[in-house]
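Rule-based calculations on the coordinates, nothing more; no lab input. All of these numbers come straight from a predicted model, not from anything done at the bench. Here the Cβ is made from the backbone with ideal geometry for all residues, glycine too, and neighbour counts use every protein chain on show.
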Amino acid sequence: MNDKVLKVVFPIAGRGTRTLPASKAVPKEMLPVLDRPLIQHSFEEAVSSGFEQFLFITGRDKGAIEDHFDRHPDLEQALSDKGQALAAIRDFIPPPADISFVRQQEPLGLGHAVWCARHFSAGDPVAVVLTDDLILADQPCLAQLLEVQAELGGNVVAVMEVPKDQTSRYGVIDPGAGGSETVIPIAGLVEKPAPEDAPSNLAVVGRYVLQPEIFAELARMEKGAGGEIQLTDAMARLIGKMPFHAVVFEGRRFDCGSAAGLLEANLAYGLNDETFAPGLRSAIKEFL
Ligand code: UTP
C-alpha cells in the first residue's frame, strides 16, 4: 500500500438534470468556466495538488470528456502550421498510462460510482473530486486536505458552513470534541438531513481523501437517501475505526451543477484573471 495519496477519482456519471437544457447534448462537465471546460478546472486542481494517476467514472453520453483528455494530432498540426501555441490543447493532457476511464453502467448513486474505482485503488487511498463543486482558492482545496491527511491519517473531507435551511441538499457532519476551528474530528455523518434533524450546519462539499477500507463498505450496496447508494453512508461506517476529519477549507465554492452557480463561477473566475478582468469589469459597469 502507498501511504502517499497519488490517485484521484472523478465520478462524472450523473445525469445533470439541473443544468438542462445546456447539458442535453453536451456533458455538464464540458460547460465552460471562463476559457476551459469545468472538468479541466478540477483536473488542474488535482495536478497542482500533486496527484499522478487519474480515473474518470463516466456514463452514457460522456464521450466528449474522453476526447477532451486525448491528444488531437490534426488540430495540433493545424495550430503549429499557423504558428500558434499548442499549450491551450496540450499542456493539461497526462500520459496515456496515467489516465483511465471506467463506465458506471447505471447511475445508482455517488457511492456506487466511487465503488467502480476499487480496482484503480488496488489497496491504496484515493481522493475523490466532484467536478460540480468548483473551488476558487489560493491553495488548491485538495492540497489543503492532503496536508491534514498527512498529519492526522485516515479519511479527510472538505466542509463549509451552509444556512441551516439548506442542510437537506448536503451530507452534514456531526462535529466531535477536540480539533480546531478548521480541522474538526467527525463523530457522525448524515446525508440530506431536514434542518431540524441536522447535527450541524457544516456540509460536505466534493473533495474527499479516503482510505481503501471505503470499498468494502460500498460493496454492501445499501441504498440510502433518494434510493441511491450513498458515499456518505459508507463513510459514516468508517467513523470510529480510523481517524476521520473535516477541513473547513479556505476558498470559495461554486455549485456548478446549477446554471446560477455556473454564471457566478464565470464572473468570479473572470474577475480573478488578469487577461479577462479589465474588459469584464467595464462590461459589468455598462450593464448595471
Ligand atoms: P448529483 O446527484 O449531485 O448530480 O451527483 P447529477 O446526478 O450529476 O446531476 P443532477 O442533480 O441531475 O443535476 C454528484 C456527483 O456524483 C456523480 C455526478 O456525476 C456528480 O459529479 N454521480 C452521481 C455519479 O457519477 N454517478 C451516480 O450514479 C450519481
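Quick notes on this structure:
- Size check on the chain: the Cα extents along the three principal axes, sorted descending, read 60, 48, 37 Å.
- By the rule of a C-alpha distance below 13 Å, with chain neighbours fewer than 8 residues away ignored, the aspartates and glutamates paired with Lys4 are Glu52, Asp124, Glu147, Glu151.
- Compared with the dominant principal axis of the Cα atoms in the chain, helix 141-152 is inclined by about 30°.
- Cα-derived Rg to Rh of the range 187-288, Kirkwood definition: 1.13
- With the cut-off at under 17 Å, measuring from each backbone N in the range 249-278 to a point 7 Å along the Cα-to-Cβ line of Thr17 picks out 257-259.
- Near-label residues of the range 120-147 by backbone N, under 12 Å of a point 7 Å along Cα→Cβ of Thr182: 138-141, 144-145, 147
- Ordering of 218-230, 271-283 by burial proxy (mean other Cβ atoms within 10 Å per residue, highest first): 218-230, 271-283
- Rg followed by Dmax, in Å, when the range 141-245 is reduced to its Cα trace: 13.1, 36
- The dipole here belongs to the chain: it is taken about the Cα centre, uses +1 on the Cβ of Lys and Arg and -1 on the Cβ of Asp and Glu, and is about 600 debye.
- Relative to the longest principal axis of the Cα atoms of the chain, helix 277-287 runs at roughly 90 degrees.
- Stretching Glu76 away from Ala216 to a fully extended chain increases their span by 46.0 nm, per 0.36 nm per residue minus the current alpha-carbon distance.
- Dividing the alpha-carbon radius of gyration of the range 81-192 by the rule-of-thumb value 2.2 N^0.38 Å gives 1.38.
- Note on Ala259 and Arg90: the extension gain reaches 58.0 nm, defined as 0.36 nm multiplied by sequence separation minus the Cα-Cα distance.
- Cross-link pairs exceeding 25 Å between alpha carbons, from the set Lys82/Lys285; Lys7/Lys192; Lys192/Lys223; Lys28/Lys192: Lys82/Lys285; Lys7/Lys192.
- Stokes-Einstein D for the range 1-139, Kirkwood Rh over Cα pairs, 20 °C, 1.002 mPa s (µm²/s): 133
- Annotation: the antiparallel percentage among DSSP beta bridges lying fully within the range 170-249 is about 90.
- Less than 5 angstrom separates the built amide H of Lys192 from those of Tyr170, Gly171, Val172, all sequence-distant by 5 or more or on a different chain.
- Taking the C-alpha atoms only, the angle from helix 38-48 to the longest principal axis of the chain is near 70 degrees.
- DSSP beta bridge pairing in the chain, given as percent antiparallel to the nearest 5: 60
- Check: the range 27-86 dipole with +1 on Lys, Arg Cβ and -1 on Asp, Glu Cβ, in debye: 160
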